[in-house]
1. Could you please give the count of residues in region 47-63 that are within 18 Å of Phe108 (Cβ to Cβ) and surrounded by 16 or more Cβ atoms within 10 Å (Cβ to Cβ)?
2. May I ask you to say which residue of Gly30, Gly92 is more than 20 Å from Asp202 (Cα to Cα), small (Gly, Ala, Ser) and modelled with pLDDT under 80?
3. Check Phe48, Phe59 and return the single one that is part of a loop (DSSP other than H, G, I, E, B), among the hydrophobic types (A, V, I, L, M, F, W, C) and touching a strand residue (DSSP E or B) at 6+ places or on another chain (Cβ under 7 Å).
4. Taking Asn87 and the conditions (1) within 25 Å of Ile47 (Cβ to Cβ); (2) open to solvent by less than 50 Å² (accessible area, probe 1.4 Å); (3) at pLDDT below 95, which numbered condition does it fall short on, given that it satisfies the others?
5. For region 143-160, how many residues are among the small types (Gly, Ala, Ser) and either modelled with pLDDT of 95 or more or in contact with a helix residue (DSSP H, G or I) (Cβ under 8 Å, 6 or more places away or on another chain) (or both)?
6. Tell me yes or no: at least one residue of region 107-129 is among the aliphatic types (A, V, I, L, M), modelled with pLDDT of 95 or more and open to solvent by less than 70 Å² (accessible area, probe 1.4 Å).
7. Hey, among the residues in region 141-157 that are in a strand (DSSP E or B) and open to solvent by 90 Å² or more (accessible area, probe 1.4 Å), which one's farthest from Gly71 (Cα to Cα)?
Amino acid sequence: MKRIPVTIILVLATVFGTLAQEETYKFDAGLQLGMSGYLGDANTSNIFHKPGVSGGFSFRYLANTRWTLRGILTAATVSGDTGDFDNVLPDGASYSFKSTVFDLGARFEFNFFPYGIGETYKRLKRWSPYVTAGPGVTLATCDGQSNIAPNIALGLGVKYKLKERLNLGLEFTMTKVFSDKVDGKELNDLYGIKSSFLKNTDWYSNLSISITYEFGKRCETCHYVD
């Protein structure tokens, strides 16, 4: 008779242990589409002036519910026109440009809430704001000329789980390029003040909507004790 309570405890432990073992996923991948902007010699204040179009592909490693490591490839168009300036350039000059930008980057992301569905003991949230930052490389082409330079991106966003493995995101990033030629070689020195590696005027922005799908099952056993 003494064995019966022990047997019941072992059965219950097995059942609850199985229920507590939730399937999560290690990776996600998806597409994004949005609007790009530019700040530089031909646009000094309004990043939404003369907006362009952007699109991209991303791949994430989901380290846990808070941290992710993301690789991203983005293509965007950026443009500007000094004819829209209030101030006058030397000799009354006027310049305009249109560039295509390709950005390959690696970014860390931090979710403000533990992000996911299920595993209630972890207090997961179906949505979370997040911040992102990381280095990358920019290839800009303008008027038949190309320029490659390192960059660093800073951004924030919000993500929402449509389903267990399907995510919707909204993100805004600003990318500083360590070159003054995103807007073309001709606009490199409009005011006669030469820029340097750390001090230059070329940035671009990206406001995008993304959809991603998770894959690569990860099983975690719950060791939570109430």
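1. 4
2. Residue meeting the stated conditions: Gly92.
3. Details: Phe59 fails: part of a loop (DSSP other than H, G, I, E, B).
It is Phe48.
4. Going through the list (1) within 25 Å of Ile47 (Cβ to Cβ); (2) open to solvent by less than 50 Å² (accessible area, probe 1.4 Å); (3) at pLDDT below 95, Asn87 breaks only (2).
5. Restricting attention to region 143-160, the residues satisfying the condition of being among the small types (Gly, Ala, Ser) are 144, 146, 149, 153, 155, 157.
Pick out the ones that are also either modelled with pLDDT of 95 or more or in contact with a helix residue (DSSP H, G or I) (Cβ under 8 Å, 6 or more places away or on another chain) (or both) and you get 153, 155, 157.
Counting residues in region 143-160 that are among the small types (Gly, Ala, Ser) and either modelled with pLDDT of 95 or more or in contact with a helix residue (DSSP H, G or I) (Cβ under 8 Å, 6 or more places away or on another chain) (or both) gives 3.
6. So the first thing to find is which residues in region 107-129 are among the aliphatic types (A, V, I, L, M), and the list is 117, 124.
If we keep only those that are modelled with pLDDT of 95 or more too, we end up with none.
Checked region 107-129: no residue is among the aliphatic types (A, V, I, L, M), modelled with pLDDT of 95 or more and open to solvent by less than 70 Å² (accessible area, probe 1.4 Å).
7. Among those that are in a strand (DSSP E or B) and open to solvent by 90 Å² or more (accessible area, probe 1.4 Å), it is Gln145.
The values are calculated or read from the model by the stated rules, or taken from the named source; none is laboratory data. Bear in mind that the values here come from a model prediction, so they are computed numbers and not experimental data. Please note: Cβ atoms are built from the backbone with ideal geometry, for glycine as well, and neighbour counts cover all protein chains shown. Please note that ligands, DNA and RNA were not included when accessible areas were found on the heavy atoms of the full protein model with its side chains. Shrake-Rupley method; radii C 1.70, N 1.55, O 1.52, S 1.80 Å.
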